[in-house]
1. Would you mind putting 178-186, 263-271 in packing order, based on average other-beta-carbon counts within 10 Å, highest first?
2. Per Stokes-Einstein, at 10 °C and 1.306 mPa s, what whole-number D in µm² s⁻¹ belongs to segment 21-92, with the Kirkwood radius over Cα pairs as the hydrodynamic radius?
3. Using the Karplus curve 6.51 cos²θ - 1.76 cosθ + 1.60 with θ = phi - 60°, what ³J(HN,Hα) values do you get for each residue of segment 305-313, in whole Hz, with x for Gly and Pro?
4. For the peptides 102-115, 148-161, 291-304, what is the packing order when you average, over each peptide's residues, the other Cβ atoms within 10 Å and list the highest mean first?
5. Could you check the spin-label model distance between Ser86 and Cys296? Points 7 Å from the Cα along Cα→Cβ, value in nm.
6. How large is ³J(HN,Hα), in whole Hz, for each residue of segment 72-79 in order, when computed from phi with the Karplus curve 6.51 cos²θ - 1.76 cosθ + 1.60 and θ = phi - 60°, using x for Gly and Pro?
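Just so it is clear, none of the values below were taken in a lab; they were calculated from the coordinates. If you're wondering where the values come from, they're calculated on a predicted model, not measured in any experiment. Reconstructed Cβ throughout: ideal geometry from the backbone, glycine too, with neighbour counts over all protein chains shown.
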Amino acid sequence: MEHKKEYDLLDLIKWGVELFNRYVFSPILFLVRFALKKWYFMLLAVLIGLGVAILLPEYFNPVYSGNMLVKVRVGQSSDYISTLQSLSKESGDVIMKNLKVPANAIVSYRGLFPSYVYPTDTLNTGYKVELKNKTSQKEGIPVVSDIFAVEVRSKDSSTIRLWGDAIVNYFKNDPYVHKENQMRLSGLRHNIEVIQNEIAKLDSLRNIEYFENSRKSIPINENSSAMSMLFRKQPQLIYKDIIELNEKMLGYQNILDYSSEPIEVISPMALNATPPTHWRLTYKKYVFVSVLLMYCLLLVFTYRKEIVAFIKK
């Protein structure tokens, strides 16, 4: 029985190897040999694919792209990305109505792609942008929560910069963003008022003659030196508190003066030197399609009689 089981297993393995050789390995070997025999046609197909990749975008279907980086002070970058992603799926009329772009920009419009920005280190000293039509966040990889990127594609390079201004104005005029930004600015003004009141109180405390009168009234004894040092340090502590409060107030005031807008353009919309349809980015696709078509045509032409005979059976 054991010998029979061993023979059955060996027969099963041989049967599997024969099937693999007949229906997988042999057909692949045949196709490879056929391609090698027709190598000059394959080379011609590669050249045709390269030619199409170079000529088609340049003369028949040029598409240009531009990118910009935006810093947000209200909400998270994911909120803005979701809004733009939803808007990009709408019709041209809806996009034109919301972003208030001219009609010629809509006619040449070919896509709007928001993207997350990823830090290059834990201290966020550098950023990495991946503009590959991916608006979803990479799983497990942190993103910069207050910066996002936008790529716009158009057949008219002169309209690229119009889209950058339109996107910024769209968010600035958004009722929710405007309301949240006003609340942010009101909070900053309130903080400044609180600090000003605290500084005024410290100034009053510093200017009264309490410390001088207290020092004069201290009796001379063995602890008078220590008590005198205590009262000398108190004004210094007040000076330090005033300086710290002034620095804090100056920081809030700088935000009001220079960062009052809800969003800020870090890198304005600029035309990319290499468009998305450049042959260096698309030649693999065209070469693959060209070689595949050439190969299929050669197979059909070479074995046309066998194909016809098989069909007539």
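1. Listed from highest to lowest mean packing, they are 263-271, 178-186.
2. Calculated translational D: 88 µm²/s.
3. 5, 5, 5, 5, 5, 5, 5, 6, 5
4. Those peptides, ordered most packed to least, come out 148-161, 102-115, 291-304.
5. 4.1 nm
6. 10, 10, 10, x, 10, 4, 4, 5
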